[in-house]
Amino acid sequence: MPPATSATSSGGVPARLARGAHTSYSMYVWVVAMVFLVKASYHAVPEGHVGLYYRGGRLTDRVTPPGMHLRVPLLDYFAAVQVTLQTDKVEDIMCGTKSGVTIYFEKIEVVNRLRADSAYQVPWQETEGRVVHLWKWAGKTWPGQ
């Protein structure tokens, strides 16, 4: 009677063990992918900001307050918009009057604050303005104008 032999893979490892190793590696890949997706889903909106969301490049009407929030990874893009007081500076400005006098301003500072309830409207109006401009440039009229 011939001696009992076990099936082995090309590396001399029993086939049953090689299949088990392959299954455990694919399980590790799955776990790493799931951890990445869960981590990419959570994001923090900093204090003094609100969160605006873009899906596929289009601004959605979702606005979130400061704190931890969820989003769909790889589909939603998140932008934090400051709603506290901020100062914008413009330096070295040259202006001319009607009579030809040139005036130089060393610095102009504008202090402003965006209301949280208007955070969605501002980028939407800005985007719509660009679209209207492109339509006019192409020789078309924007619907409603």
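Of all the residues that make up region 51-72, how many are within 25 Å of Met34 (Cβ to Cβ) and either open to solvent by 50 Å² or more (accessible area, probe 1.4 Å) or free of Cβ contacts under 8 Å to residues at least 24 places away in the same chain (or both)? Explain how you work it out, then say what you get.
Initially, region 51-72 is screened for residues within 25 Å of Met34 (Cβ to Cβ), giving 51, 53-56, 62, 64, 67-72.
Okay, now just the ones that are also either open to solvent by 50 Å² or more (accessible area, probe 1.4 Å) or free of Cβ contacts under 8 Å to residues at least 24 places away in the same chain (or both), so 54-56, 62, 64, 67-68, 70-72.
Going through region 51-72 one residue at a time, the tally reaches 10.
The single condition from (1) part of a strand (DSSP E or B); (2) open to solvent by 60 Å² or more (accessible area, probe 1.4 Å); (3) modelled with pLDDT of 85 or more that Trp30 fails is (1).
Residues that are among the aliphatic types (A, V, I, L, M) and either open to solvent by 60 Å² or more (accessible area, probe 1.4 Å) or under 22 Å from Tyr42 (Cα atoms) (or both) within region 89-123 comprise Val90, Met94, Val101, Ile103, Ile108, Val110, Val111, Ala116, Ala119, Val122, listed in sequence order. Residues in region 106-132 that are farther than 30 Å from Tyr53 by Cβ and either among the charged types (D, E, K, R) or modelled with pLDDT of 90 or more (or both): Glu106, Lys107, Glu109. A Cβ distance below 7 Å, combined with a sequence gap of six or more or placement on separate chains, defines the contacts here; from region 101-118, residues that are under 21 Å from Val83 (Cα atoms) and in contact (Cβ under 8 Å) with a residue 12 or more places away in the chain reach residues that are surrounded by 10 or more Cβ atoms within 10 Å (Cβ to Cβ) and hydroxyl-bearing (Ser, Thr, Tyr) in the pairs Arg113/Thr84. Would you mind telling me which numbered condition in (1) at pLDDT below 85; (2) loosely packed, with under 10 Cβ neighbours inside 10 Å; (3) under 16 Å from Ala116 (Cβ atoms) Gln86 fails? For Gln86, the exception is condition (2). Scanning region 73-82 for residues that are open to solvent by 60 Å² or more (accessible area, probe 1.4 Å) and within 17 Å of Val38 (Cα to Cα) yields Leu74, Leu75, Tyr77.
For region 44-63, the tally of residues that are more than 18 Å from Arg113 (Cβ to Cβ), modelled with pLDDT under 90 and part of a strand (DSSP E or B) stands at 8.
The values are calculated or read from the model by the stated rules, or taken from the named source; none is laboratory data. Keep in mind that what you see is a predicted model, and the values were worked out from it rather than measured. With ideal geometry, Cβ positions are generated from the backbone for all residues, glycine too; neighbour counts draw on all protein chains shown. In case anyone asks, the SASA skips ligands and DNA or RNA and just uses the protein heavy atoms, side chains included. Shrake-Rupley method; radii C 1.70, N 1.55, O 1.52, S 1.80 Å.
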